[in-house]
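See below for the structure under consideration.
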Amino acid sequence: ALYTCVGTPLLWQGQEFADNYVLPNDGNGRICYRRDVHWEYFYDAYGQPLIRLYRLLGSLRSKLPALRSSESFYYRNESRTADGIVAYRRQSTTAKQTTIVFLNFSDTVQQITVPISEPGTYQEMIDGKQTVTVEQADLLLTVAIPSHYGSIFLLK
């Protein structure tokens, strides 16, 4: 989500290694407690796939003007935040580039259906295993997103 949202992605307090610090609701423990980054997580079985993913997402953000643009559209009617699934479109009219981002914050695989405004071939960019061709505008695209994961589809 950090690499695909509008604005500058900020990795802070170990988020890059998915550290999870429990913080008090208020008081000095919330603001004065040291939360060091655990660099050893970089090399463990969980850290290596995360680092691969973060490097890939950083590379995609650098290469795709749509992911750096301020133009976006949130699929409010199609997203189901109570189920942990959201979708939004990022685009750059100057570079004529469109991406559709799907994020699943839940513990289960989720399906989501969104209307497609531009026909064409959409290539999934994170794992690269899925290509979807939409023949005409205003058709529906249904994708399944793994738990705690996301997909970025780029209009080719």
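The values are calculated or read from the model by the stated rules, or taken from the named source; none is laboratory data. A quick note: this is a predicted structure, and the numbers were derived from the prediction, not measured. Don't worry about glycine lacking a Cβ; one is built from the backbone with ideal geometry, like all the others, and counts go over all protein chains shown. Remember, those area values only see protein heavy atoms, side chains included, never the ligands or the DNA or RNA. Shrake-Rupley method; radii C 1.70, N 1.55, O 1.52, S 1.80 Å.
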Exercise. Can you pull out the residues in the stretch 110-148 that are open to solvent by 30 Å² or more (accessible area, probe 1.4 Å) and of a type in the set (Gly, Ala, Ser)?
Worked result: Ser117, Gly128, Ala137, Ala144, Ser147
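Which residue, of Arg76, Arg89, Arg68, Arg61, is among the charged types (D, E, K, R) and in contact (Cβ under 8 Å) with a residue 40 or more places away in the chain? It would help to see each step written out before you state the result.
Values: Arg76 fails: in contact (Cβ under 8 Å) with a residue 40 or more places away in the chain; Arg89 fails: in contact (Cβ under 8 Å) with a residue 40 or more places away in the chain; Arg68 fails: in contact (Cβ under 8 Å) with a residue 40 or more places away in the chain.
None of the other options fit; the residue is Arg61.
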For this session: Those residues that are outside any loop (DSSP other than H, G, I, E, B) and of a type outside the set (A, V, I, L, M, F, W, C), I need them from the stretch 124-151; list them, please.
Result: Glu124, Thr131, Thr133, Thr142, Tyr149, Gly150, Ser151
Exercise. Taking the stated definitions as given, is Gln97 open to solvent by less than 80 Å² (accessible area, probe 1.4 Å), touching a residue at least 40 places away in the same chain (Cβ under 8 Å) and either over 19 Å from Tyr149 (Cα atoms) or acidic (Asp, Glu) (or both)?
Worked result: yes
Exercise. What is the residue count in the stretch 128-156 for residues that are within 22 Å of Pro49 (Cα to Cα) and free of Cβ contacts under 8 Å to residues at least 12 places away in the same chain?
Worked result: 2
Exercise. Considering only the stretch 33-61, how many residues are of a type outside the set (A, V, I, L, M), surrounded by 13 or more Cβ atoms within 10 Å (Cβ to Cβ) and under 15 Å from the mean Cα position of the chain (by Cα)?
Worked result: 3
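Give the residues of the stretch 75-84 that are surrounded by 13 or more Cβ atoms within 10 Å (Cβ to Cβ) and closer than 11 Å to Val114 by Cβ, sorted by residue number.
The initial filter retains those residues of the stretch 75-84 that are surrounded by 13 or more Cβ atoms within 10 Å (Cβ to Cβ), namely 75, 78-80, 83-84.
The answer is Tyr75, Glu78, Ser79.
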